[in-house]
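Here is the structure we will look at.
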Amino acid sequence: MKSWAQIDGALADYVDANWLRESTVKRRLREETARLPQAGMQISAHQGQQLGLMTRAIGARRAVEVGTFTGYSSLCIAEALPSDGKLWCCDVSEDWTKVARRAWKEAGLDGRIKLTIGPALGTLDWLLAQGLSGQLDLAFIDANKEDYDAYYERCLKLVRKGGLVLIDNVLWRGRVANLAHVDADTTAIRALNAKLKADERVDLALFAVGDGMTCALKRI
């Protein structure tokens, strides 16, 4: 039985016309990012909309993002938070996040976002040291793949029971299903996918949007 729908061409246009809601700021940011050599790192507009919906659905007030790039995903999360909400963003690039800062300000969301430039593991450890274990509602992971497992473990500590840990690129353009691919990134994602299936600390689903996004709901 076929499990996935192929969405392209006229069907993709239909999906955009009937489901996609995108602000002017987000559309401009997505178009600007598309001109960069690293444009493939940006999440899709539909994935961003899904992030925002899940943020609202669980009534999230505090969230963390591991890997911000030019800020599209952080815009989607931050606008779904209440006015006194907080999103901690982790990234290593001043250049990419300059674009993000400009978009956050234009959208009037810069007051909800705290960006830290540096290795994300250090930022996550700092948040834990501040007593935020079990205090966050949502985490989104979309950074260097070799550290995915370490990001997951720290984010799972940070989110509360009933909180969400969302992990991007879990299908890795199909490479995870091809055992001929043994590079470090593919191997790391493949290992985390297998670990998550057996992880009784979470309820689990795969969203077939973008490059595949795992949704892990913390049980305990």
Subset tally (residues that are closer than 24 Å to Val64 by Cβ, open to solvent by 60 Å² or more (accessible area, probe 1.4 Å) and of a type in the set (A, V, I, L, M)) for the stretch 192-219:
3
Number of the condition not met by Ser74 [criteria: (1) closer than 23 Å to Glu153 by Cα; (2) touching a Ser or Thr at 6+ places or on another chain (Cβ under 6 Å); (3) at pLDDT below 95]
(3)
Taking the stated definitions as given, is Trp126 farther than 23 Å from Gly212 by Cα and open to solvent by 20 Å² or more (accessible area, probe 1.4 Å)?
yes
Quick one: in the stretch 49-100, of everything that is in a strand (DSSP E or B) and in contact (Cβ under 8 Å) with a residue 60 or more places away in the chain, which residue is most open to solvent (accessible area, probe 1.4 Å)?
Arg62
Let me spell it out: the conditions are (1) within 15 Å of the chain's Cα centre (by Cα); (2) open to solvent by 50 Å² or more (accessible area, probe 1.4 Å), and Asp142 meets all of them except one. Which number is the exception?
(2)
Quick one: would you say Trp104 is among the hydrophobic types (A, V, I, L, M, F, W, C) and either surrounded by 24 or more Cβ atoms within 10 Å (Cβ to Cβ) or part of a strand (DSSP E or B) (or both)?
yes
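The values are calculated or read from the model by the stated rules, or taken from the named source; none is laboratory data. What you are looking at is a predicted structure, and each value in this text was computed from that prediction instead of being measured. Backbone-built Cβ (ideal geometry, glycine too); neighbour counts: all protein chains shown. Note: accessible area is taken over every heavy atom of the protein model, side chains too, but ligands, DNA and RNA are not part of it. Shrake-Rupley method; radii C 1.70, N 1.55, O 1.52, S 1.80 Å.
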